[in-house]
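Engineer: Input: one structure, supplied below.
The values are calculated or read from the model by the stated rules, or taken from the named source; none is laboratory data. From a predicted model like this one, the values you see are computed outputs, not experimental measurements. Reconstructed Cβ throughout: ideal geometry from the backbone, glycine too, with neighbour counts over all protein chains shown. Note: accessible area is taken over every heavy atom of the protein model, side chains too, but ligands, DNA and RNA are not part of it. Shrake-Rupley method; radii C 1.70, N 1.55, O 1.52, S 1.80 Å.
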Amino acid sequence: MSRSWLSIRVELVSGHGADLWPRPGRILAAARTHSFAQLAQAIDLAFGRWDLAHLHKFTLTDQTCVSPLEWWDGEAPEGTLDGRSTKLSRLKAGEEFAYVFDLGDNWEHLCTVGERRVDPLEEFGETPSRPEPYWGWGTLPDQYGRRWDGDDGESRMPKRPPRGLGDLPPILPLWGERRRG
């Protein structure tokens with residue numbers, strides 16, 4: 001099995017109306033037998049998304065679209081392949097393709113298949129059942145652009161607590177009113 005999985009670099013290019021720079025990214029390991037639907041789920045989780053009830057699609061370099069057909073209710077773009085049955089074995093080393101999560105907020109990603117394959121045992125110590133991230137960088141934006149709990153997009157950011165971490169329960173040494181340590 002040595003070096004049998006694809007290494008797929010995924011960079012978040014834009015979303016929620018903004019281009020991102022520097023681009024946050026993740027590198028995922030995926031078997032050629034995994035589906036595009038499994039890759040989509042792994043990308044969404046690797047980029048910190050929790051509301052996964054949004055349409056998504058891959059666009060390959062030949063403009064072929066891959067998306068879960070049942071989500072389109074018969075309205076999928078003509079020629080779209082079903083993401084649940086289309087396998088990653090379609091991809092070749094060095095190939096670039098796009099992934100868009102949430103076709104309203106358009107979280108657009110550039111995906112690049114690595115020239116070299118990876119060994120899942122070397123990266124994870126086991127063979128995962130689904131694609132998994134094994135490297136990453138950058139600050140991930142919130143899926144809805146929220147900066148704090150309760151952010152409505154118009155309110156001012158809450159002020160920091162006056163005593164640093166004094167608002168936290170004293171569970172860890174630097175937390176709470178009386179710091180331990």
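Engineer: Quick query: amide H of GLY136 versus all other amide H atoms, modeled in the peptide plane; which residues come in under 5 Å with a sequence gap of 5 or more or a different chain?
Structural biologist: For GLY136, the qualifying residues are ILE27.
Engineer: How long are the semi-axes of the equivalent ellipsoid of region 1-52, taking √(5λ) for every eigenvalue λ of the Cα gyration tensor, in whole Å from largest down?
Structural biologist: For region 1-52, the ellipsoid semi-axes come out as 24, 14, 8 Å.
Engineer: Using only the alpha-carbon atoms of region 135-180 as identical scatterers, what base-10 log of I(q)/I(0) does the Debye formula give at q = 0.25 Å⁻¹?
Structural biologist: -0.85
Engineer: Something else now. Scan around ARG32 for amide H atoms under 5 Å from its own, H built in the peptide plane at 1.01 Å from N, and keep only partners 5 or more places away or cross-chain.
Structural biologist: Sorted by chain and number, the residues that satisfy this are LEU6.
Engineer: Let me ask another. Could you do me a favour and compute the accessible area per residue for the chain, 1.4 Å probe, result in Å²?
Structural biologist: I get 61 Å² per residue for this part.
Engineer: What per residue convex hull volume, in Å³, do the alpha-carbon atoms of region 28-106 yield?
Structural biologist: Considering the Cα atoms of region 28-106, their hull volume per residue is 97 Å³.
Engineer: If you don't mind, there's one more thing I want to ask. Can you pull the percent of the chain's accessible area that's carbon plus sulfur, 1.4 Å probe, other chains left in place?
Structural biologist: 50 percent
Engineer: When the chain is treated as a GNM, springs tying every alpha-carbon pair under 10 Å, which of GLU115, GLU126, GLU154 comes out with the largest mean-square fluctuation?
Structural biologist: Fluctuation is largest for GLU154.
Engineer: Exactly which chymotrypsin sites (Phe, Trp or Tyr not before Pro) in region 1-62 are in a DSSP loop and have at most 14 other Cβ atoms within 10 Å?
Structural biologist: Sites meeting the loop and neighbour criteria: TRP50.
Engineer: A follow-up question, please. Using only helices, what value at 222 nm comes out for the chain when you add -39,500 (n - 2.57) per DSSP H run of length 4 or more and divide by the total residues, to the nearest 500 deg cm²/dmol?
Structural biologist: Roughly -2500 deg cm²/dmol at 222 nm, from the helical runs in the chain.
Engineer: Please find, in a Gaussian network model of the chain (springs between Cα atoms separated by less than 10 Å), the residue of ASP105, ASP167, ASP62 whose mean-square fluctuation is greatest.
Structural biologist: The residue with the greatest mean-square fluctuation here is ASP167.
Engineer: Would you mind calculating the relative contact order of region 84-181 from Cα pairs under 8 angstrom and at least 6 residues apart, reporting the percent as a whole number?
Structural biologist: 11 percent
Engineer: Relative contact order, percent, of region 1-124 when contacts are C-alpha pairs under 8 Å separated by at least 6 residues?
Structural biologist: 37 percent
Engineer: Something else: Kindly provide the trypsin sites (Lys or Arg not before Pro) of region 31-87 that DSSP labels as loop, not H, G, I, E or B, and whose Cβ sees at most 11 other Cβ atoms within 10 Å.
Structural biologist: Filter output for region 31-87: empty list.
Engineer: What percent do you get for the relative contact order of region 16-77 when only Cα pairs under 8 Å and 6+ apart count?
Structural biologist: Here the relative contact order equals 23 percent.
Engineer: Oh, and also: Could you tell me which of rounded, prolate or oblate describes region 66-155, using a ≥ b ≥ c as the square roots of the eigenvalues of the alpha-carbon gyration tensor, with rounded for a/c under 1.5 and, failing that, prolate when a/b is larger than b/c and oblate otherwise?
Structural biologist: Oblate, since a/c reaches 1.5 and b/c is not below a/b.
Engineer: Work from the charge dipole of the chain (Cβ charges, +1 for Lys and Arg, -1 for Asp and Glu, about the Cα centre) and give the residue of PHE58, VAL118, LEU45 farthest towards its positive end.
Structural biologist: VAL118
Engineer: Can you report the principal axis dimensions of the chain using only the alpha carbons, biggest first, rounded to whole angstrom?
Structural biologist: Per principal axis, max minus min of the Cα coordinates gives 60, 41, 28 Å.
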